[in-house]
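Here the structure is laid out as structure tokens; the discussion comes afterwards.
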Amino acid sequence: MAGNQKEKIHDDIVERTIYNYEQYINPSLTRVFKLMGLPLEVSAEGCYIYDNDGRRYLDCLGGYGTYSLGHRHPKVVDAVKKQLDKMPMSSRILFNETVGSLAAKLARITPGDLKYSFFCHSGTEAVEGALKLARLCKQKPGIISTFNSFHGKTLGSLSATGRDIFRGPCEPLLPHFKHVPFDDPDSIEDAIDENTAAVIIEPIQGEGGIIVPRDDYLPKVREICSRRGVLLIADEVQTGLGRTGRMFAVEHWGISPDIMCIAKALGGGVMPMGAFIAIPEVWDVFIASPYIHTSTLGGNPLAASAALACLEVLEEQELARQAAEKGELLLNGLNDMAAQFPGVVSEIRGKGLMIGIELCREGFGGFVLSELIQDGILAAFTFNNQKVIRLEPPLIITLEQVEEVVASMKNAISKANEMVDEIE
Ligand SMILES: Cc1ncc(COP(=O)(O)O)c(C=O)c1O
């Protein structure tokens, strides 16, 4: 009797949640979740998420790059709890030690002369602020971005995003944005004119399908921007904070931008947190007019405490180095696996623990993802390219877990391969 009752309550939670999503969030999104067999998440710890049945999933999506430290890292949780007991939100008018310490720490760990920070909550807000700062600094409206890029979906950052499917229905977007091919420095040289304030670039295109540029691309872009008097904005919202095997992806190519955007992992997987950071010459406009860009809740002490703890953990545990080493193992394992299934996988690529698996057909994606979920692995497509499954596990993933991911992927891909045999 008691058992039945428990079962009933359990069913009710699942049904009620799906009903609420269908009725009050989005019916078509709910259909997609149901089709994929996505369960109800109830808790998470380390590299695992647990569902309503107590099943665990190795989180290889990592909240699109948010869970670099895994879920509920004890040091971050502890810092947030302490801040919660002291003062979660700021007066907005008094000095706050945690926020100041975070800004100082960012100035220390970011490349080049990046120094001043503005805090917000998300990647898109960081990009909005960076674009605004660039325009104010240069007193010019033009921004050059790349096709297939992803910089967010609010109107300013969407104007930079290079994917028509997201842009088209919202047009007209902001004027004076030009898009040029990624990994083609000459196209940037050609696109710059007297109205150009800045070039915005992801060092590795994430949502575009984990596209790593040639080694001379970013150095050339840096040289062009400096020579032509144009600012370089690096959007490190996804690549930043250890993900690619360096603290910031631009460091792979030895360059530093004039403005950098970060978010996602910055909140330590516990709080929403974003920031844009700039060199002093660029920040001068904000110094002259400190209230020209503000946010009531952005940079609150609670989120700042999470970010500060996150940066400490990244350094203490040398997570960027770990990402480089484990990423190489994962990449090698996946490449060996892919070589056996040339009809399903066309390429494996990436840097550190930001890895893309490009499938030969878009149709394979949903199947492979569902197989992975059944095998206890969470992953997803990249937003701009559904042929690519991205793997962005926590940087704390163990070597055994890396092997588990390769084995599950092999299982899923070999089943997809049987489909090819059936089709042909
Ligand atoms: C490179 C990049 N910039 C900006 C964003 C937008 O971030 P958010 O979703 O936090 O607004 C994303 C999100 O995926 C991203 O990958």
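The values are calculated or read from the model by the stated rules, or taken from the named source; none is laboratory data. Please read these numbers as outputs of a predicted model, since none were measured by experiment. Every residue, glycine as well, gets a Cβ built from its backbone with ideal geometry; the counts of neighbours run over all protein chains shown.
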*Every residue from the stretch 111-149 that is within 14 Å of the ligand (Cβ to nearest atom) and farther than 22 Å from residue 224 by Cα*: 119, 120, 121, 122, 123, 124, 125, 126, 128, 129
*Total residues in the stretch 41-54, condition part of a loop (DSSP other than H, G, I, E, B), over 20 Å from residue 396 (Cβ atoms) and either modelled with pLDDT of 95 or more or touching a strand residue (DSSP E or B) at 6+ places or on another chain (Cβ under 7 Å) (or both)*: 1
*Go through the stretch 208-242 and count every residue that is under 12 Å from residue 182 (Cβ atoms) and surrounded by fewer than 24 Cβ atoms within 10 Å (Cβ to Cβ).*
7
*Which members of the stretch 201-215 meet the condition of being more than 12 Å from residue 351 (Cα to Cα) and more than 11 Å from the ligand (Cβ to nearest atom)?*
209, 214, 215
_Listing of helices (runs of 4 or more DSSP H) fully contained in the stretch 69-182 that carry 1 or more residues being buried (at least 24 other Cβ atoms within 10 Å of the Cβ) and either hydrophobic (A, V, I, L, M, F, W, C) or not assigned by TED's automatic domain parsing to the domain that holds residue 224 (or both)_ = 74-86, 97-109, 123-138, 155-160
*Any residue at all in the stretch 315-336 that is within 15 Å of the ligand (Cβ to nearest atom) and within 30 Å of residue 78 (Cβ to Cβ)?*
no
*Restricting attention to the stretch 216-260, which residues are within 16 Å of the ligand (Cβ to nearest atom), among the hydrophobic types (A, V, I, L, M, F, W, C) and under 17 Å from residue 281 (Cα atoms)?*
232, 233, 234, 259, 260
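Taking the conditions exactly as written (of a type in the set (A, V, I, L, M) and at positive phi), does residue 255 satisfy them or not?
Working: of a type in the set (A, V, I, L, M): yes; at positive phi: no.
Spelling it out, it is not the case that residue 255 is of a type in the set (A, V, I, L, M) and at positive phi.
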*Which of the helices (runs of 4 or more DSSP H) contained wholly in the stretch 278-347 include at least 1 residues that are under 22 Å from residue 238 (Cβ atoms)?*
301-316, 319-339
